[in-house]
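Undergrad: Sending over a structure as structure tokens; questions will come in a sec.
The values are calculated or read from the model by the stated rules, or taken from the named source; none is laboratory data. None of these values were measured; they are calculated from a predicted model. Note that each Cβ is placed from the backbone with ideal geometry, even for glycine, and that neighbours are counted across all protein chains shown. Ligands, DNA and RNA are stripped out before the accessible areas are found, and what is left, the full protein with its side chains, is counted by its heavy atoms. Shrake-Rupley method; radii C 1.70, N 1.55, O 1.52, S 1.80 Å.
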Amino acid sequence: MSSPDDTTTQGSHDPVESFDAIVIGAGISGLYQLYKLRELGLSVRVFEAGSGVGGTWYWNRYPGARFDSESYTYGYSFSASLLREWDWSEHFSAQPETLRYLEYVADKFDLRRDIQFNARVRSAHYQASTNRWEVTTENGTRAHAHYLITAVGVLSAPYTPDIPGIAAFQGRAWHSSNWPHSPVDLSAQRVAVIGAGATAVQLITEVAKNVGHLTVFQRTANFCVPLNNGPIPPAEQPALKARYDEMFARCRETYGAFLYDFDRRSIFDVTASERTEIFERLWLEPGFGLWLGNFHDIMTDENANELIAEFVRQKIGERVTDPEIAERLTPRDHFFGSKRVPLESGYYEAYNRPNVQLVDLRASPIEAITRTGIKTSAAEFDFDVIIFATGFDAVTGALTRMDIRGEEGQSLKEVWADGPRTYLGLQVVGFPNLFTVVGAQNAANFCNVPRCIEQNVEWVTDCLRYLRNHQLQRIQATPEAAEEWGLHCKEVVANSLFLKINSWFMGANIPGKKRAFLAYGGGLPRYRDKCEEVAAGGYSGFQLE
Ligand code: NA7
């Protein structure tokens, strides 16, 4: 194995450091990947765009940002001492606590010494002659490595729509994932939020509590359901920690790696009153239960879906005082759960405040951003601050925004122009020794993410160990295996309502992006079985050299 001291000089004066592996990203997956590769004895360099660890939880600092997964199912499971030491203060912890947790992990395992911060990767080119990846960052660092592992997350390429006049605005404007690091006082400001997705729902609820005036520009109303969060008192910590093994075992079994799973009965197997009772119970439960713990056929059968959709619509109506505003907030153009269900803690009540206004962009679309605010087809609004909660170029965006080139110099962006094609969501044909942790067509994109991250990272680590033990230098997916995986990915969602609507799952939120289901929709247990089967078969479907 080479070491980081193998610094060579290429070209004129640029030092080019050499590693066994380069990892891109120091979020939850990058940190764990670093930890595991070190265990394997590899020299590793992590390049991280931010100035600190945490990935999603480093960037998304907007007020109200918090887990929608139970905190204790979200943390890492690999270290018993970490599980013992860390107390989550809430069932669904807020961003500052999560960031502190990830910083604690980085310190506990002394991870920072192998991470280069403020180093956004610009390009990664595979060199066939040396069988190495050459990586360049935007600030000019160059390094090469035998293996390249991308750990760039699902939702890390922010999307800001190209609205005419956007550069002219004289006030302050930012995307929700670029929330300023220093405190922002909005208490006397006129604030606009564009968007009504999961991010907007969290931040509107919080901003509304202390703002001069807030105007929300909503294009599509969402089905939002209560998070039902609460504190975890210190006295309850020991009992909770005693259940870790049981909880992680449960997460291994369920479709989305949560503590709850779809009800295998059809919604039509129960009477109307039983159904209502079940819906009411799920409504009061914490987390995604009303979605991912509901009857399975709400995700495939339009009539089944309509029953839960109508239940949620009625709940919305009961919470918003003005019937006209309630109607604007009521989704009628997509199926419940076919878009990511935002979880909320008083979102609908925010619209009962006199200083919160809702603009329906279906009725009056945004025409331009002006020097002083936003102009719709119906009116002009003046603002001090515009917040774009307009989402992300999900799943593939963070990869295709880098210049990643394979063995023939082909770019990943071009290879994926018609939608992502992968093997197991972890490798791409023509890109040897590149592993895409939490990549496209990977269960991690539709999952309680850290549970899938651990599976991904451990699989990649085992694979690299196998290569080393068998003196193999190169691994690359075969076109046949990738083709078959693509078909399998399509097959597992063939009946799903996901395919019938527009969402980031389908890449449909980005103008010009090819419509394709970007995740693996078969659930974690099925995905893990496939991955394990491939490994047990000596990495079948891969060409090993
Ligand atoms: P989402 O869920 O993609 O939401 C983005 C929102 O921005 C959504 O309401 C969009 O409306 C809206 N949007 C996007 N472009 C425009 C334009 N041009 N004009 C008006 N409104 C627009 O992103 P989030 O950040 O909320 O959530 C992403 C994930 O983060 C979430 O799923 C969680 O997993 C965490 P649309 O619905 O497209 O009509």
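Undergrad: Can you pull the accessible area of Ile325 for me, 1.4 Å probe, Å² to the nearest 10?
TA: 30 Å²
Undergrad: Right, another one. Within the accessible area of the stretch 390-482, what % is carbon and sulfur when the probe is 1.4 Å and the other protein chains stay in place?
TA: Solvent-exposed carbon and sulfur of the stretch 390-482 make up 46 percent of the total.
Undergrad: Which percent of the accessible area of the stretch 188-318 is formed by carbon and sulfur heavy atoms (probe 1.4 angstrom)?
TA: Here carbon and sulfur together make up 50 percent of the probe-accessible area.
Undergrad: Which percent of Cα pairs goes in each bin when the distances of the stretch 1-141 are cut into 5 angstrom slices starting at zero?
TA: So the P(r) values, bin by bin, are 2, 9, 17, 20, 17, 13, 9, 7, 4, 2, 0.
Undergrad: Out of the DSSP beta bridges found with both residues in the chain, what percent are antiparallel (nearest 5)?
TA: Of all bridge pairs located within the chain, approximately 40 percent are antiparallel.
Undergrad: A follow-up question, please. Calculate the spin-label point distance for Glu274 paired with Glu349, positioning each point 7 Å from the Cα along the beta-carbon direction, and give it in nanometres.
TA: For the pair Glu349/Glu274, the computed spacing is 3.5 nm.
Undergrad: At 1.4 Å probe size, with no ligands or nucleic acids counted, give the accessible surface of His296 in Å², nearest ten.
TA: It works out to around 80 Å².
Undergrad: Additional query: Any idea of the accessible area per residue across the stretch 15-141, 1.4 Å probe, to the nearest Å²?
TA: 34 Å²
Undergrad: Ok, one more. So which aspartates and glutamates can Lys490 reach, going by Cα to Cα under 16 Å and dropping same-chain residues fewer than 8 places off?
TA: Answer for Lys490, where 16 Å is the Cα cut-off: Asp418, Glu480, listed by chain and number.
Undergrad: So, R0 is 45 Å and r is the distance between the beta-carbons of His181 and Ala535; what FRET efficiency does that work out to, to 0.05?
TA: Here the calculated transfer efficiency is 0.60.
Undergrad: I've got another one for you. Can you give the FRET efficiency for Glu324 and Lys209, using 1/(1 + (r/R0)^6), R0 = 25 Å, r = Cβ-Cβ distance, to the nearest 0.05?
TA: About 0.60, to the nearest 0.05.
Undergrad: Next up: Can you give the FRET efficiency for Ala242 and Leu544, using 1/(1 + (r/R0)^6), R0 = 35 Å, r = Cβ-Cβ distance, to the nearest 0.05? Please report the intermediate quantities before stating the final value.
TA: Details: r = 43 Å, r/R0 = 1.24.
With a Förster radius of 35 Å, E is 0.20.
Undergrad: Right, another one. Can you bin every Cα-Cα distance in the chain into 20 Å intervals starting at zero and give me the percent of pairs per bin, rounded to whole numbers?
TA: For the chain, the pair-distance distribution reads 21, 55, 23, 1.
Undergrad: Okay, next question. Viscosity 0.692 mPa s, temperature 37 °C: Stokes-Einstein D of the stretch 77-165 from its Kirkwood Cα radius, in µm² per second?
TA: 195 µm²/s
Undergrad: Per DSSP helix of 4 or more residues, -39500 (n - 2.57); summed, then divided by the residues of the chain. What does that give at 222 nm, rounded to the nearest 500?
TA: Value at 222 nm, helices only, nearest 500: -9000 deg cm²/dmol.
Undergrad: State which helices in the chain qualify, where a helix is a whole DSSP H run, it must extend 27 Å or more along its own axis by its Cα atoms, and its mean Kyte-Doolittle hydropathy must be at least -1.0.
TA: Span-like helices here: 449-469.
Undergrad: How many Å² of accessible area per residue for the stretch 358-485, probe 1.4 Å?
TA: Each residue of the stretch 358-485 exposes 35 Å² on average to a 1.4 Å probe.
Undergrad: State the volume of the convex hull built on the alpha-carbon positions of the stretch 338-484, expressed per residue in Å³ and rounded to an integer.
TA: That works out to 190 Å³ per residue.
Undergrad: Probe of 1.4 angstrom, ligands and nucleic acids ignored: what's the accessible area per residue over the stretch 158-272, in square angstrom? Don't jump to the answer; show the numbers that get you there.
TA: Numbers: 5350 Å² over 115 residues.
With all protein chains present, the stretch 158-272 gives 47 Å² per residue.
Undergrad: Over 32 Å between Cα atoms, which of Lys375/Lys514; Lys315/Lys513; Lys108/Lys514; Lys241/Lys500 qualify?
TA: On the way: Lys375/Lys514 30 Å; Lys315/Lys513 35 Å; Lys108/Lys514 42 Å; Lys241/Lys500 41 Å.
Check vs 32 Å cut-off fails for Lys315/Lys513; Lys108/Lys514; Lys241/Lys500.
Undergrad: Just checking the chain: which Cys have no other cysteine's beta-carbon under 4.7 Å?
TA: Cys224, Cys251, Cys463, Cys489, Cys531, each lacking another Cys Cβ under 4.7 Å.
Undergrad: Let me check against my output: what whole-number percent is the relative contact order of the chain, with C-alpha pairs under 8 Å and at least 6 apart? If you can, show how the numbers build up before the last one.
TA: Details: 1117 pairs, mean separation 100.6, N = 545.
Answer for the chain is 18 percent.
Undergrad: Sorting Ser338, Ser77, Ser345 by accessible area (1.4 Å probe), largest first, what list results? Spell out each step's value before the answer.
TA: Details: Ser338 0, Ser77 40, Ser345 70 Å².
Highest to lowest solvent-accessible surface, that is Ser345, Ser77, Ser338.
Undergrad: Ok, one more. Give the carbon-plus-sulfur fraction of the accessible surface of the stretch 484-545 in %, rounded to a whole number; probe 1.4 Å, heavy atoms of protein chains only.
TA: With neighbouring chains kept in place, the figure for the stretch 484-545 is 49 percent.
Undergrad: Another one. Bin by bin, in steps of 10 Å, what percent of the Cα pairs in the stretch 384-445 do you find, going until the bin that has the longest distance?
TA: Binned Cα distances yield the sequence 21, 51, 16, 9, 3.
Undergrad: Tell me, what is the 1.4 Å probe accessible area of Lys209, in Å² to the nearest 10?
TA: 110 Å²
Undergrad: Are there GluC sites (Glu not before Pro) in the stretch 95-161 that DSSP marks as loop and that have at most 16 other Cβ atoms within 10 Å, and which are they?
TA: Hits after loop and neighbour filter: Glu138.
Undergrad: At Asp110 and Glu480, where each label point lies 7 Å from the Cα along Cα→Cβ, what is the point-to-point distance in nanometres?
TA: 4.7 nm
Undergrad: May I pose another question? Among the trypsin sites (Lys or Arg not before Pro) within the stretch 309-363, which fall in a DSSP loop and have no more than 12 other Cβ atoms within 10 Å of their own Cβ?
TA: Arg332, Arg362
Undergrad: So if I take the alpha carbon set of the stretch 190-237, get Rg, then get Rh from the Kirkwood formula, what is the Rg over Rh ratio?
TA: 1.14
Undergrad: I would also like to ask the following. Pop a pseudo-label 7 angstrom from the Cα along the beta-carbon direction at both Glu380 and Asn495 and give the gap in nm to one decimal.
TA: In this crude label model, Glu380 to Asn495 measures out at 5.5 nm.
Undergrad: If you place +1 on the Cβ of every Lys and Arg and -1 on the Cβ of every Asp and Glu, how big does the dipole about the Cα centre of the stretch 238-322 come out, in debye to the nearest 20?
TA: Dipole magnitude for the stretch 238-322 comes out near 420 debye.
Undergrad: Would the stretch 198-328 count as rounded, prolate or oblate if I go by the C-alpha gyration tensor, calling it rounded below 1.5 in a/c and otherwise prolate when a/b exceeds b/c, oblate otherwise?
TA: Oblate is the answer for the stretch 198-328, as a/c is 1.5 or above yet b/c matches or exceeds a/b.
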